[in-house]
1. Which of the GluC sites (Glu not before Pro) across segment B:186-247 are loop residues per DSSP, with 10 or fewer other Cβ within 10 Å?
2. Please identify every one of the GluC sites (Glu not before Pro) in segment B:127-199 that sits in a loop by DSSP and has no more than 15 other beta carbons within 10 Å of its own beta carbon.
3. Identify the trypsin sites (Lys or Arg not before Pro) of segment A:14-86 meeting these criteria: DSSP loop state and at most 15 other C-beta atoms within 10 Å of the C-beta.
4. Label A:Thr137 and B:Leu124 with points 7 Å out from Cα along Cα→Cβ: what is the distance between them in nm?
5. Could you run the Karplus curve 6.51 cos²θ - 1.76 cosθ + 1.60 with θ = phi - 60° over segment A:199-208 and give me ³J(HN,Hα) per residue in whole Hz, x for Gly and Pro?
6. So what does log10 I(q)/I(0) come out to for segment A:152-244 at q = 0.12, 0.14, 0.24 Å⁻¹, using the Debye formula with one equal point on every Cα and no solvent?
7. Could you give me the ³J(HN,Hα) list for segment B:123-140, computed from phi with Karplus coefficients 6.51, -1.76, 1.60 and θ = phi - 60°, whole Hz, x at Gly and Pro?
8. Indicate the gyration tensor shape class of segment A:48-121 (rounded, prolate or oblate), computed on the Cα atoms with a ≥ b ≥ c the square roots of the eigenvalues: a/c under 1.5 is rounded; otherwise a/b larger than b/c is prolate and the rest oblate.
There are 2 protein chains.
Amino acid sequence: MPKKFTEPHTVWYYECDTTGQLSIPMLLSIVIKTSESQSEKVGRGSDYVATFGLTWVIIQYEMHINRMPKVNEQILVTTQAASYNKFFCYRNFWVHDLQGNELVLIQSTFVLMDLKNRKMSRVLPEIVAPFGCEKRTKIQRSKKFEEMTQPKMQPYRVRYLDIDSNSHVNNAKYLDWMLDVLGYDFLVTHDAKTIIVKFDKEVEYGNQIQSYWEEKAGEGTLTTIHQIKNGTTLCTEAMIDWDSASR
Amino acid sequence: MPKKFTEPHTVWYYECDTTGQLSIPMLLSIVIKTSESQSEKVGRGSDYVATFGLTWVIIQYEMHINRMPKVNEQILVTTQAASYNKFFCYRNFWVHDLQGNELVLIQSTFVLMDLKNRKMSRVLPEIVAPFGCEKRTKIQRSKKFEEMTQPKMQPYRVRYLDIDSNSHVNNAKYLDWMLDVLGYDFLVTHDAKTIIVKFDKEVEYGNQIQSYWEEKAGEGTLTTIHQIKNGTTLCTEAMIDWDSASR
């Protein structure tokens with residue numbers, strides 16, 4: 001049985017947006033902190049992984065949000081390495097409030113990347129064994145994203161503080177560029193309920209990137225489709241389902 | 001004797017820059033969290049202050065940095081309301097490592113602002129009494145900043161996530177715009193030792209602001225001077241003394 005690992009976290013004012021809720025990019029940073037803690041605890045931290053010339057790269061998140069944690073709220077963040085196959089590791093994250101309500105579920109896909117040639121490596125049993133997760137042959141199909149027909153675009157420049165202590169643009173930052181284009185009036189009146197985001201290519205310090213988006217309104221549904229491009233290279237794409245917010 | 005209040009904090013990867021050190025804007029967010037905690041503890045949180053139609057505004061920081069906390073380091077953040085006079089409250093912050101070394105000292109100046117007319121209010125004894133700080137008649141002179149002769153400039157747009165749950169652009173954000181202009185090569189090879197920053201006018205969501213800067217090199221000293229302007233309005237100014245970093 002894969003081991004679950006839980007850490008408490010208090011949501012601080014600077015982790016929240018103007019609605020008083022934890023911001024989506026900060027939510028991602030916080031859950032990843034918990035998987036780093038678990039990895040350290042079982043002796044499989046980034047230093048150990050680097051002894052094989054490898055590093056973890058997150059290629060997909062699927063986030064289901066019942067309710068975003070609020071400013072000053074105490075939450076419990078739980079993670080579990082669910083399963084793996086030849087190339088992919090599947091890890092789940094849950095955020096609960098202190099009453100045990102599930103606020104957020106995040107299903108993520110990790111791969112191991114060779115630090116030298118930047119190519120995907122096979123999953124090494126010695127790296128994943130202590131997490132107690134099962135090897136399965138089945139590969140989860142990744143979601144197809146709808147095409148954009150008339151996208152709008154806003155440019156961003158990758159700034160110094162977009163790079164974190166892992167010396168890469170923090171994955172959460174891509175969400176920041178995707179959300180910002182939607183504007184204040186939209187963001188304070190809508191809550192994201194489901195977010196699927198796929199990371200394909202990295203962007204680097206100084207890059208001028210483009211954040212494309214388009215709204216797709218169906219019967220009682222509202223979805224936004226997003227792409228981050230670096231010139232003609234598609235770097236990240238996402239799909240977000242929204243509910244109207246009663247604030 | 002003014003009461004000291006200490007909170008522990010662990011420095012996470014997403015709070016650090018690419019040098020593996022806590023970023024300067026994040027340092028400010030973290031120390032302010034501690035003063036908010038103390039205020040709540042003594043029954044003088046923002047809700048209480050709002051019952052007088054007032055809110056706290058920070059108008060100056062003077063930061064002295066011996067060593068920036070590092071990624072995964074446990075630190076202790078201490079705050080103390082030092083003294084006040086008719087209009088100004090002086091509050092100190094210290095960051096120590098677990099061996100008791102003083103890493104950072106921050107001296108700050110707060111004022112109370114009327115929420116309706118946005119004007120400065122007199123300091124009310126009932127708001128500051130529980131902190132145990134003394135009233136003094138002396139007003140601390142604020143530092144004069146050197147003039148810029150040939151400033152460089154980079155524009156920034158105030159983004160949605162620059163606004164925190166206090167519904168204002170987080171003070172730390174101004175430092176972000178000031179630092180970013182210095183560029184990667186400068187920032188990874190220099191450590192800020194003293195930072196004086198004065199907040200004058202707020203910027204708002206959607207504003208296009210300009211971050212001006214100039215280097216002043218003396219005998220063995222390197223200082224950068226900064227201004228954030230919104231059109232012709234000076235909003236924030238700062239002066240940063242730098243040391244070469246041996247990394």
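1. Numbers: sites: B:Glu202, B:Glu204, B:Glu214, B:Glu215, B:Glu219, B:Glu237; in loops: B:Glu202, B:Glu204, B:Glu219.
Passing sites in segment B:186-247 are B:Glu219.
2. Values: sites: B:Glu134, B:Glu146, B:Glu147; in loops: B:Glu146, B:Glu147.
Sparse-neighbourhood loop GluC sites (Glu not before Pro): B:Glu146, B:Glu147.
3. On the way: sites: A:Lys33, A:Lys41, A:Arg44, A:Arg67, A:Lys70, A:Lys86; in loops: A:Arg44, A:Arg67, A:Lys86.
Sparse-neighbourhood loop trypsin sites (Lys or Arg not before Pro): A:Arg67, A:Lys86.
4. 7.3 nm
5. The phi angles translate into 9, 10, 10, 7, 9, 10, 3, x, 4, 9 Hz.
6. For segment A:152-244 at q = 0.12, 0.14, 0.24 Å⁻¹, log10 I(q)/I(0) is -0.37, -0.50, -1.25.
7. Listing the rounded values in order: 6, 8, x, 5, 7, 9, 3, x, 7, x, 9, 8, 7, 10, 7, 5, 9, 6 Hz.
8. On the way: a/c = 2.98, a/b = 2.50, b/c = 1.19.
Because a/c hits 1.5 or more and a/b exceeds b/c, segment A:48-121 counts as prolate.
Values quoted throughout were computed directly from the atomic coordinates according to the rules given, and no laboratory measurement underlies them. Predicted, not measured: the structure shown is a model, and the values here were computed from it. For neighbour counting, all protein chains shown are included, and Cβ atoms are generated from backbone atoms with ideal geometry for every residue, glycine included.
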